[in-house]
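The numbers here are math on the coordinates, done by the rules we state, and not lab data. Please read all numbers here as calculations on a predicted model, not as lab measurements. We place every Cβ from the backbone using ideal geometry, glycine too, and count neighbours over all the protein chains shown.
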Amino acid sequence: MTDPHNHTSKFPELGFYGLPGHTRSPRDVLKQVQDAEALGIGNVMLSERVDYKEIAAICGACAAVTESIYIGTSGTNLNTRHPAVTASIGSTLNALSNGRFALGLAKGFNLRWKAWGVPMPTFEREREFIDLMRRLWRGETVAGHEGALGRYGALNLAPYVNADVPVLYVGFGPKSLLHAGEIYDGAHLHTFMSDQALKNAVAQYREGEAKAGKPAGHGKLWSVLATACDVSEETYLKYIIARLATYLQIPGYGDMLVEINGWDPQVLARFRTHDAVTSVGGAIDSVASTAQMAAVAELIPEEWRPAAIGDAATCAQRWLDQFKAGADGIIIHASTPEEFAPVLAEYEKIRPAHLFEGRTNRPGGDRL
C-alpha cells in the first residue's frame, strides 16, 4: 500500500464538503471530487444522511475515481453500526484508497437516537469506541470486552490488518472539544462560527491535548467555512440562509451554536416559533421554497452569518482569516469546486505558504 504520508496536493491545507447539504443525486460527488483533485485540494469531507448519503458507499465511490485527495467522513456516528462493521469500513476504505481514508465521528443529536432506539454517545462510549477501532486496525483480537459499549465475546478483523486511519472529531461544544483533544487525531469544527468562537474552539481542543500529554499542536483543527462567491440571491438563500436555519431548527444543536458565538438565545426562540419557520414543515435546507427561505432570512441577524461571501478576493481574505484565528485547515462548505475555483485563484496570491511547508494531505496527526 502507498505510504499515506506521501499523498500531497498543491493545497493540503484545504478541503471541501462533497455533496454539501441535501442532495438527491449522489453521483454528483464523482465530478466534484475529480474537479477538486485537479485544482490541488487536499481533502474531501463527506457528511451522512440516511436518504442518499450513506457514508461508506459515497467514500468508496470517491476512492475509485481519485488518486491523491484524502477522503474523510464528516461525520458518521459510533452508535449506528456494530464496532466490527465500522472498523471493517475503515480498513476497507483505507486499502481501497491506498491509505487515503479518515474516520470522522460526530455525536449526532439525542432526539434522533431516541427515535431510532439506539444508545446515545457519551464520552465514555466515545473513548472506548476509538480505542477499539485502533486496536482492530492493528490486527488485534479483542476478547471478553465488557464496558460502556456493551459486551463482546471476541472482536477482530484479521491478524494481517494494519490500517493507519486518522480519527477526527466532528463537533463544536466546549466540553466535547476538550475531551476530543485527549483522544482524537484532529477535529472538524462547524460552519457559522465567528473568528472568536473559532479561537476558543482551538484553545479548548489544545487544552485537551495537553491534558493527555500529547505534543503541542499534534491534531489538525479544521475550520468549516461556508463560501458563496458572486452568487445570485436565490443561491445565497440556499447556501447560507437555509443551511444556517436548518442548524438553528434542531433542539440542542442550534442552542449550542448560539451559545458558542455569544448570540442572543431570545432571538433563537423567536426564530423557532415564527410562522415563517414552523410553516416549512421539515428541514429548511431540504424542503423550503425560495420564498420561504427569503422569509426565514428576515429572522436571522447579519452577525449570525459568519462565512465567505462576496467577490473572489473578499472570500479569499475570509479564508485567510481562519488561519489567523488558529485553524490548521479549511473545509470549504456550500460551494462546489467549480464554484469556488475563482476564490482559490485569489487565495493563491495571499496564501501563507510557509505555514504548510512539508505538509501532506493527511487530515489528522500521526498515530502516537
For the range 70-177, rounded, prolate or oblate, judged on the Cα gyration tensor with a ≥ b ≥ c (square roots of eigenvalues), a/c < 1.5 rounded, else prolate if a/b > b/c?
-> oblate
Sum -39500 (n - 2.57) across every DSSP H segment of at least 4 residues in the chain, then divide by the residue count to get the 222 nm mean residue ellipticity, nearest 500.
-> -12500 deg cm²/dmol
Report the residue, chosen from VAL33, VAL277, VAL50, that carries the largest GNM mean-square fluctuation when the chain is represented by alpha-carbon nodes joined by springs under 10 Å.
-> VAL50
The chain: most fluctuating residue of LEU221, LEU19, LEU248 per GNM, C-alpha cutoff 10 Å | LEU248
Between the range 17-46 and the range 128-160, the alpha-carbon center distance in angstrom = 32 Å
Report, ordered by chain and residue number, the lysines lying within cross-link reach of LYS114, taken as a straight Cα distance under 29 Å and ignoring same-chain residues fewer than 8 apart.
-> LYS53, LYS175
Total charge of the residues flanking GLU209 in space, meaning their Cβ is under 13 Å from its Cβ, with Lys and Arg +1 and Asp and Glu -1, is 0
For the chain, what percent of Cα pairs sit more than 38 Å apart?
-> 13 percent
Cα gyration tensor category, rounded, prolate or oblate, for the range 158-240 with a/c compared to 1.5 | oblate
So how tilted is helix 28-39 from the main axis of the chain? Cα-based, degrees 0 to 90, rounded to 10.
-> 90 degrees
Give the distance, in whole Å, between the Cα centre of the range 315-368 and the Cα centre of the range 274-297.
-> 32 Å
Over 32 Å between Cα atoms, which of LYS211/LYS349; LYS107/LYS199; LYS214/LYS349; LYS10/LYS211; LYS10/LYS214 qualify?
-> LYS211/LYS349; LYS214/LYS349; LYS10/LYS211
How would you classify the range 1-99 from its alpha-carbon gyration tensor, with a ≥ b ≥ c the square roots of the eigenvalues: rounded for a/c under 1.5, else prolate if a/b is greater than b/c, otherwise oblate?
-> oblate
Can you tell me what the convex hull of the Cα atoms of the range 232-310 projects to on average, as an area in nm²?
-> 4.9 nm²
Aspartates and glutamates with Cα under 16 Å of LYS31, excluding same-chain neighbours fewer than 8 positions away = GLU67, GLU338, GLU339
